[in-house]
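*Asks:* Let me give you the structure first, and then I'll get to my questions.
Nothing in this text is a laboratory measurement; each read-out follows from the coordinates by a stated rule. Every value quoted in this text rests on a predicted model; they were computed, and no experiment measured them. Methodologically, a virtual Cβ is constructed for each residue, glycine included, from the backbone with ideal geometry; neighbour enumeration extends over all protein chains shown.
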Amino acid sequence: SNNKHAVYKYTYADGSYTQSTVAGTRSDNGPELNQLYNPTGIHVDDSGNVYVADTENQRIVKWAPNAVVGEVVAGGNGQGNALNQLYNPKGLTVDGSGNVYVADWDNSRIVKWAVGANEGVNMYGYQRPFDLEFDALGNLYSADYGTHSVKKFSPGASSGVVIAGT
């Protein structure tokens, strides 16, 4: 879909797909918790919660299964570089404890938001992190637009190692 305001789930059955909205609205962007504005990244946890990088609203929003409104779990305090703000977040991932890791694009950093925290912790300085993912061993991987590379961050490491790209 060309819609910039919602996240959809596509289900395949009997030879065709059906589309349902799981976050946001089909026709309206905005700052309310039932709205999204240019969502760019998603993560679905084992409980079916959908986390959305709501880029233009400078926040990460968690949508429980069948919810009609989301809950801000990171950012949401306007555009900026303070630890309670994000600046065009692009991607995210969630660890097994529910901590949210944000690819904070225009702040060139990866920020960890603990469950219930009012601000994040700057984990890594980076050039334009775009997407994040964990592997089964707890290594964090980051795709970086600025350096055209993918880095691997081992648990507890203070920096990453380039594993792909330049």
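*Asks:* Out of 14, 95, 45, any idea which swings most in a Gaussian network model of the chain, alpha carbons joined below 10 Å?
*Replies:* Looking only at 14, 95, 45, the biggest GNM fluctuation is shown by 14.
*Asks:* Describe numerically, in nm with one decimal, the distance between label points set 7 Å from Cα along Cα→Cβ at residue 42 and at residue 106.
*Replies:* For the pair residue 42/residue 106, the computed spacing is 2.4 nm.
*Asks:* Here is a follow-up. Mind giving me the FRET efficiency for residue 115 and residue 136? R0 is 25 Å, r the Cβ-Cβ distance, nearest 0.05 is fine.
*Replies:* It comes out at approximately 0.75.
*Asks:* Hey, another quick one. Taking the Cα-to-Cβ direction at residue 159 and at residue 18 and moving 7 Å from each Cα, how far apart do the two end points lie in nm?
*Replies:* Simple spin-label model gives 5.3 nm for this pair.
*Asks:* By its C-alpha gyration tensor, with a ≥ b ≥ c as the square roots of the eigenvalues, how is the chain shaped: rounded for a/c under 1.5, else prolate for a/b larger than b/c, else oblate?
*Replies:* Since a/c reaches 1.5 and a/b is larger than b/c, the shape of the chain is classed as prolate.
*Asks:* Here's something else I'd like to know. Put a dot 7 Å past each Cα toward the Cβ at residue 66 and residue 149; how far apart are the dots in nm?
*Replies:* Once both label points are built, they end up 4.7 nm from each other.
*Asks:* Return the subset of 62/152; 9/62; 9/112; 9/152 for which the Cα-Cα distance in this structure is over 18 Å, preserving the input order.
*Replies:* 62/152; 9/112; 9/152
*Asks:* Still on this structure: Which of these, 23, 74, 136, has the largest mean-square fluctuation under a Gaussian network model of the chain (Cα springs below 10 Å)?
*Replies:* Of the options given, 136 has the highest mean-square fluctuation.
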